[in-house]
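Written below as structure tokens is the structure these notes are about.
The values are calculated or read from the model by the stated rules, or taken from the named source; none is laboratory data. All values reported here derive from a predicted model rather than from experimental measurement. Here the Cβ positions follow ideal geometry from the backbone for every residue, glycine too, while neighbour counts run over all protein chains shown. For the accessible areas, the whole protein counts, side chains as well, though only heavy atoms, and no ligand, DNA or RNA atoms are used. Shrake-Rupley method; radii C 1.70, N 1.55, O 1.52, S 1.80 Å.
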Amino acid sequence: LGVLPAERDRRPVQLGQISPWLQKATVAVEDRRFYDHGGVDVRGVARALWVDVRAGRVIEGGSTITQQLARNIFLTSAKKFGRKFREAILAFAIERKFSKDQILELYLNQIFLGYRSYGVSSASFNYFGKPLNQLTVSEAAFLAALPKGPNNYNPIHHKDLAMARRNWIIGQMLEKGWVTQEQARQAQADDLRVQLAPERAKYKDADFFVSEVKMRAQHMVDGVDDVDEGGYYLRTTLDSKLQTYAQAALM
């Protein structure tokens, strides 16, 4: 069964379906004290500032995973004091309402990771053509590198930067004791191989089929201007390989 492409590829999953490597890599790079703070990490802000000053560039941000979740859902990315204050208030509210695992699950399901991928499940398929539970340590670390800037760490155009960021994250996982020395060595030695185009490119020979399904879906969903932007998950009978064979035979 085919899953139709849209402008925003979302495939929500439960935390138990997400590779433990990816969970750990995300916490290691985005919020090392995620399980210890109540939404805002003062120590984390100070540590991030120190790391950035030593490096002479921005390596770590000061926002926790909860703050990022609040910003991505409710606010904008404008760098203003008022926004940061509202972000903190929302983060405290989210921490009171949800467990840490629920917050991490929400975060991993909605972050933008490039390749039109919103959430780690679609990113895993679009970059590596595999489900989350099959990710290696190095692949998980690469996906964890993307929230900081998918374009900056594009593995096709900026492979060296992407691998350097990935290897740094693996080092952070080693420092936390979440991977062994040997696992870290092997993961950092891995090449970074991704698909040249998102998984959605497989449907290039099914334009008429996709257009028809989207038109019917638009009629089924009231009050939505564009199903492409709605994050809907459309399951169909389309087999992209058979469609390509049929297209070639017709030509």
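Annotations
- The listed residues Asp101, Asp160, Asp41, Asp205, once ranked by accessible area (1.4 Å probe) with the largest placed first, stand as Asp160, Asp101, Asp205, Asp41.
- Extended-chain gain in nm, criterion 0.36 nm per residue less alpha-carbon gap, Phe74 and His157: 26.7 nm
- Shown is the FRET efficiency for Ala164 and Asp239, computed with R0 = 35 Å from the Cβ-Cβ distance and rounded to the nearest 0.05: 0.35.
- Karplus 3J(HN,Hα) series, Hz, for the range 148-160 with 6.51 cos²θ - 1.76 cosθ + 1.60 (x for Gly, Pro): 5, x, x, 6, 5, 10, 4, x, 8, 8, 9, 4, 4
- Using the Karplus relation 6.51 cos²θ - 1.76 cosθ + 1.60 with θ = phi - 60°, the per-residue 3J(HN,Hα) values for the range 163-178 come to 5, 5, 5, 4, 5, 5, 5, 4, x, 5, 5, 5, 4, 7, x, 8 Hz, with x marking Gly and Pro.
- Ratio of the Cα radius of gyration of the range 112-173 to 2.2 N^0.38 Å, where N counts its residues: 1.00
- Built from the Cα atoms of the range 67-214, the convex hull projects on average onto 11.4 nm², one quarter of its surface area.
- Net lengthening on full extension, Glu182/Ser99 (0.36 nm per residue, minus Cα-Cα): 26.6 nm
- 3J(HN,Hα) along the range 121-134, derived from phi through the Karplus expression 6.51 cos²θ - 1.76 cosθ + 1.60 where θ = phi - 60°, amounts to 5, 5, 5, 4, 6, 6, 7, 10, x, 8, x, 4, 6, 9 Hz, with x in place of Gly and Pro.
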